[in-house]
Amino acid sequence: MLIPIVLTIATMMFTARASISQDASSSWQADPDLVEKLTRQRREFNYVESKVPTYTLPDPLVTRTGQHVGSPKEWHDGRRGELLDLFRDQVYGRRPDTEYSLRFEQTAEVTQAFDGAATGREMKAIVEIGERSFSFPFVVFLPNNASRPTPAVVHINNRYFVPLATALEKPDPFWPVKMLIDRGYATASFHTSHVDPDKKDGYADGIRAFFAGGDPPSDTAWRSLSAWGWAASRVLDHLETIDSIDAARVAVSGHSRGGKTSLWAACEDERFAIAYSNNSGCGGAALSRRAYGETVGRITSSFPHWFCKPFSNYAGREHELPIDQHEVIALIAPRGVYVASADEDLWADPKGEYASLVAAAPVFELLGKRSIESPRMPPLGQQRIKGQTGYHIRSGGHGLGELDWGLFLDFADTLLK
Ligand code: GTR
């Protein structure tokens, strides 16, 4: 008798557990088997929820001197600038204020792309300081048949450059141009490494060295993420000159390191109406204090060119950070923010990505806007949209594809159309 009873309980336990992760109505939780597997593979990193340190997040609505921020005016005139400066000095670095001139050159054009649905152009942004110049290419697509100026998405491509000819030849889920056009959006994209090489020793060839006249960067000078975000703003400068685009309705998007960049780009440049951050993790949407998956210590040693020097000092001392990543989202308020996670991408800490969106809610509220407030994550595969913020977690690993894009555009439609 004993054996069958034990078996039944074991089966029930298994069934109960399986139904937790698959029940379409329950809030997402990391798959315990995956947690176990990753823990075994990377012992020095934490994937276990119960081992997340207890932490208190800095309150975005309390200033450094302890003043409570009680009005939109106090936010805009005081606290927002204070927070922006903290992120500049402690995390992403400070952009130079050197004067430069900027012009754009068209290097190729196709007026009847995608059976006449779009015009595609390959462009060059040329930045000049005195006699010196620096340039990077980007590609723009404009819907041909819109009856009024369209919204647009500037996509930060951290993987490769997609030249005009390539974009016309083969669909690319990482930047699905045809899909964007079909949904009524213009779009533009550039490759991060063309602006600032994505490698530890690439400084000399990038825009940062160009601005510094070859001098090495100071500890708090901008790093690559900020440089890439700056480039997204230069592409927006160009979009502002195109009559068929409504420059007040332009989103900035990116995946992973590109998703960290899209958030920071929208903090630095308030012209972006939405930031879309896909699987951005540490230094992006995920809260640093959770130290779940990738940590401040790990990211600043693996990618020292992404963050300014002070950020590395918080390795293992995340609780001492004067800010946390929910305040990056707060800096984008009252504009739109969309965060997307992936079920198997625990390295990017989906719970921490969602939690920071929620922790920014008081700022949206102060500014008279609605945003996601529920501490419970939505179930796997179910999108949540409330006012200015949206979120989904899909099944699968680290990556950006048409499913993510489609859900993001559903959110963008609610704010930009
Ligand atoms: C990972 C890195 C992340 C993320 C990602 C990417 O290896 O640890 O911070 O940015 O790469 O950009 O694909």
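The values are calculated or read from the model by the stated rules, or taken from the named source; none is laboratory data. What you are looking at is a predicted structure, and each value in this text was computed from that prediction instead of being measured. Positions of Cβ are backbone-derived with ideal geometry, glycine not excepted, and every protein chain shown enters the neighbour counts. The protein model used for the area step is the full one, side chains on, heavy atoms only, and it has no ligands, DNA or RNA in it. Shrake-Rupley method; radii C 1.70, N 1.55, O 1.52, S 1.80 Å.
The table below gives the values:
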{"item": "Residue tally, condition open to solvent by 20 Å² or more (accessible area, probe 1.4 Å), within 11 Å of the ligand (Cβ to nearest atom), touching a residue at least 24 places away in the same chain (Cβ under 8 Å) and within 19 Å of Asp198 (Cβ to Cβ), over segment 295-315", "result": "2"}
{"item": "Search result, residues across segment 220-254 that are touching a residue at least 40 places away in the same chain (Cβ under 8 Å) and polar (S, T, N, Q)", "result": "Thr220, Ser224, Ser226, Thr241, Ser244, Ser253"}
{"item": "Single unsatisfied condition, Ser193 versus (1) within 15 Å of the ligand (Cβ to nearest atom); (2) assigned to a loop (DSSP other than H, G, I, E, B); (3) among the hydroxyl-bearing types (Ser, Thr, Tyr)", "result": "(2)"}
{"item": "Candidates Asp219, Asp237, Asp243, filtered to the one that is away from the ligand (no atom under 15 Å from the Cβ) and not in a loop (DSSP other than H, G, I, E, B)", "result": "Asp237"}
{"item": "Hey, Tyr100 open to solvent by 50 Å² or more (accessible area, probe 1.4 Å), among the aromatic types (Phe, Trp, Tyr) and touching a residue at least 40 places away in the same chain (Cβ under 8 Å) or not", "result": "yes"}
{"item": "The listed residue being within 25 Å of Thr389 (Cα to Cα) and among the hydroxyl-bearing types (Ser, Thr, Tyr), out of Ser226, Ser193, Ser244, Ser218", "result": "Ser226"}
{"item": "Qualifying residue in segment 321-330 (condition: more than 16 Å from the ligand (Cβ to nearest atom) and open to solvent by 10 Å² or more (accessible area, probe 1.4 Å))", "result": "yes"}
{"item": "Of residues in segment 362-380 being free of Cβ contacts under 8 Å to residues at least 24 places away in the same chain and of a type outside the set (Ser, Thr, Tyr), the one least open to solvent (accessible area, probe 1.4 Å)", "result": "Ile372"}
{"item": "Test: residue in segment 109-131 that is part of a helix (DSSP H, G or I), free of Cβ contacts under 8 Å to residues at least 60 places away in the same chain, open to solvent by 50 Å² or more (accessible area, probe 1.4 Å) and within 29 Å of Met179 (Cα to Cα)", "result": "yes"}
{"item": "Lone unmet requirement of (1) part of a loop (DSSP other than H, G, I, E, B); (2) charged (D, E, K, R); (3) under 17 Å from Ala291 (Cα atoms) for Lys351", "result": "(1)"}
{"item": "Verdict on Thr39 being modelled with pLDDT of 95 or more and in a loop (DSSP other than H, G, I, E, B)", "result": "no"}
{"item": "Segment 224-244, residues that are out of contact with any Phe, Trp or Tyr (no Cβ under 9 Å at 6 or more places or on another chain) and open to solvent by 10 Å² or more (accessible area, probe 1.4 Å)", "result": "Glu240, Ile242, Asp243, Ser244"}
{"item": "Cross-chain or 6+ apart pairs with Cβ under 6 Å, segment 266-278 first and over 14 Å from Thr414 (Cα atoms), then part of a loop (DSSP other than H, G, I, E, B) and open to solvent by 10 Å² or more (accessible area, probe 1.4 Å)", "result": "Asn278/Leu400"}
{"item": "Given (1) open to solvent by less than 10 Å² (accessible area, probe 1.4 Å); (2) in a helix (DSSP H, G or I), number of the condition Ser341 does not satisfy", "result": "(2)"}
{"item": "Considering residues of segment 246-263 that are in a strand (DSSP E or B) and within 12 Å of the ligand (Cβ to nearest atom) only, the residue surrounded by the most Cβ atoms within 10 Å (Cβ to Cβ)", "result": "Gly254"}
{"item": "Filtered residue count, segment 345-364, keeping only those that are out of contact with any strand residue (DSSP E or B) (no Cβ under 8 Å at 6 or more places or on another chain) and within 16 Å of the ligand (Cβ to nearest atom)", "result": "3"}
{"item": "Subset of segment 267-283 (residues that are out of contact with any Lys or Arg (no Cβ under 9 Å at 6 or more places or on another chain) and within 13 Å of the ligand (Cβ to nearest atom))", "result": "Asn278, Asn279"}
{"item": "So Gln388, is it farther than 30 Å from Pro216 by Cα, in contact with a Phe, Trp or Tyr (Cβ under 6 Å, 6 or more places away or on another chain), open to solvent by 10 Å² or more (accessible area, probe 1.4 Å) and of a type in the set (S, T, N, Q)", "result": "yes"}
{"item": "Some residue of segment 209-219 being of a type in the set (A, V, I, L, M) and closer than 23 Å to Thr111 by Cα", "result": "no"}
{"item": "Yes/no for Ala286 being more than 8 Å from the chain's Cα centre (by Cα), of a type in the set (Gly, Ala, Ser) and away from the ligand (no atom under 16 Å from the Cβ)", "result": "no"}
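Quick grid of which residues meet (1) more than 16 Å from the ligand (Cβ to nearest atom); (2) more than 18 Å from Ala251 (Cβ to Cβ); (3) hydrophobic (A, V, I, L, M, F, W, C); (4) open to solvent by less than 10 Å² (accessible area, probe 1.4 Å):
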site: Ala146; (1), (2), (3), (4): yes, no, yes, no
site: Val153; (1), (2), (3), (4): yes, no, yes, yes
site: Asn158; (1), (2), (3), (4): no, no, no, no
site: Pro163; (1), (2), (3), (4): yes, yes, no, no
site: Leu168; (1), (2), (3), (4): yes, yes, yes, no
site: Phe174; (1), (2), (3), (4): no, no, yes, yes
site: Met179; (1), (2), (3), (4): yes, no, yes, no
site: Gly184; (1), (2), (3), (4): yes, no, no, no
site: Asp198; (1), (2), (3), (4): no, yes, no, no
